[in-house]
Amino acid sequence: MRLWLSRGSEVSIRDQLVTQVVLSILSGELKRGQRLPSTRELARRFHVHPNTISAGYRELARNHWVEFLKGSGIFVGKDKPENPSREMALDQLIRSFFQAARETGAPLASIRLRLRHWLEMQPPDHFLLLEPDAALAQILISEIQTTVTLPVKGCDVSAQDLDAQLVGAIPLALSMNEKTVRRALPENAEFLILQLRSAAASLAAHLPAPSTALVGVASSWPKFLKTAHTMLIAAGFPAECLVLRDASTTNWQRGLKQVAAIVCDTFTARELDGMPRVITFPLLSESSLQDLRRYEQFLSQPFIP
């Protein structure tokens, strides 16, 4: 069995040993019942303490990858554990890559350099909305996801793991948060700016309406409730004809079956199946949604290094 154990790596010797043995078993390089090098042999070969090797073997035995036979040594288990993790499957692919690359005679330093080069050229694989208001972010993510095919995630700019979440992401932010987001991101980092839709323009298509009609307004975003309430009153609806419901509370749908129509955001609309006429008001402008579509189409073009 071929092993590479690096004492200068950030990964512990024990974890290196465990991972490589498991991958060798999964790939078929190590067969069932095959004898493994002894603890003393590996410790001497790699100049590490025997307890380190022994700890790795014990972990493998606990997870049923290997078994100890008293007086005979350490052997690959008769049965492979079922359903190895996704991380283990990725490790197996990476191991195969390094093995094939080393067989070409290329030095490890060159392999690492080329790998870093290709990783830096990989296109982003998801959108990341940088929005501190969780209720608003939920609505916007719902709208964006109906427009693009890449996954859409959300994150507060003050999150401690912001740098990690930005890896492989296309950052997005509302125009009203542009300055805050720019300060939080690394210098010269790019992000797409989104514009909100005009509330007046959204209502125009549904006016005039009977002022005596009972109208529901539902959303988990307080500002949506406040804005819709203000606009409907300005359009001539008496305040007593408006039924406001905070969708983040329990039993928020009570009374909505009796209204003539329900004004809501796109996320809340999904919870209103079977209700009377539902009027959905998207928050993002159509131009911003078109920009996201065009950006994603650009990313999907064939990449030639």
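Filtering segment 55-73 to residues that are in contact with a helix residue (DSSP H, G or I) (Cβ under 9 Å, 6 or more places away or on another chain) and either in contact (Cβ under 8 Å) with a residue 60 or more places away in the chain or not aromatic (Phe, Trp, Tyr) (or both) leaves Ala55, Gly56, Glu59, Leu60, Asn63, Val66, Glu67. Within segment 39-54, residues that are under 11 Å from Arg14 (Cβ atoms) sit with their Cβ atoms under 8 Å from residues that are surrounded by fewer than 14 Cβ atoms within 10 Å (Cβ to Cβ) and charged (D, E, K, R), at 6+ positions apart or across chains, in these pairs: Val48/Arg7. Among the residues of segment 269-280, none qualifies, meaning not one is in contact (Cβ under 8 Å) with a residue 60 or more places away in the chain, crowded, with 17+ Cβ neighbours inside 10 Å and under 24 Å from the mean Cα position of the chain (by Cα). Scanning segment 1-58 for residues that are in a loop (DSSP other than H, G, I, E, B), among the basic types (Lys, Arg) and either surrounded by 14 or more Cβ atoms within 10 Å (Cβ to Cβ) or out of contact with any strand residue (DSSP E or B) (no Cβ under 8 Å at 6 or more places or on another chain) (or both) yields Arg2, Arg7.
Just to be sure before I move on: is Thr180 under 28 Å from Leu292 (Cα atoms) and modelled with pLDDT under 90 in the structure I sent? In short, no.
Exactly one residue out of Phe298, Phe224 is of a type in the set (Phe, Trp, Tyr) and over 20 Å from Arg197 (Cβ atoms), and it is Phe298. One residue stands out in segment 147-180 among those that are farther than 26 Å from Phe281 by Cα and assigned to a helix (DSSP H, G or I): the one that is farthest from the chain's Cα centre (by Cα), namely Lys179.
Would you confirm whether or not segment 130-137 contains a residue that is surrounded by fewer than 14 Cβ atoms within 10 Å (Cβ to Cβ), modelled with pLDDT of 85 or more and of a type in the set (A, V, I, L, M, F, W, C)?
yes
Picking from residues in segment 245-265 that are within 12 Å of Ser220 (Cβ to Cβ) and touching a helix residue (DSSP H, G or I) at 6+ places or on another chain (Cβ under 6 Å), the one that is surrounded by the fewest Cβ atoms within 10 Å (Cβ to Cβ) is Ala247.
The values are calculated or read from the model by the stated rules, or taken from the named source; none is laboratory data. Owing to the predicted nature of the structure, the values given are computational and were not obtained by experimental measurement. Virtual Cβ from ideal backbone geometry, glycine too; neighbours counted across all protein chains shown.
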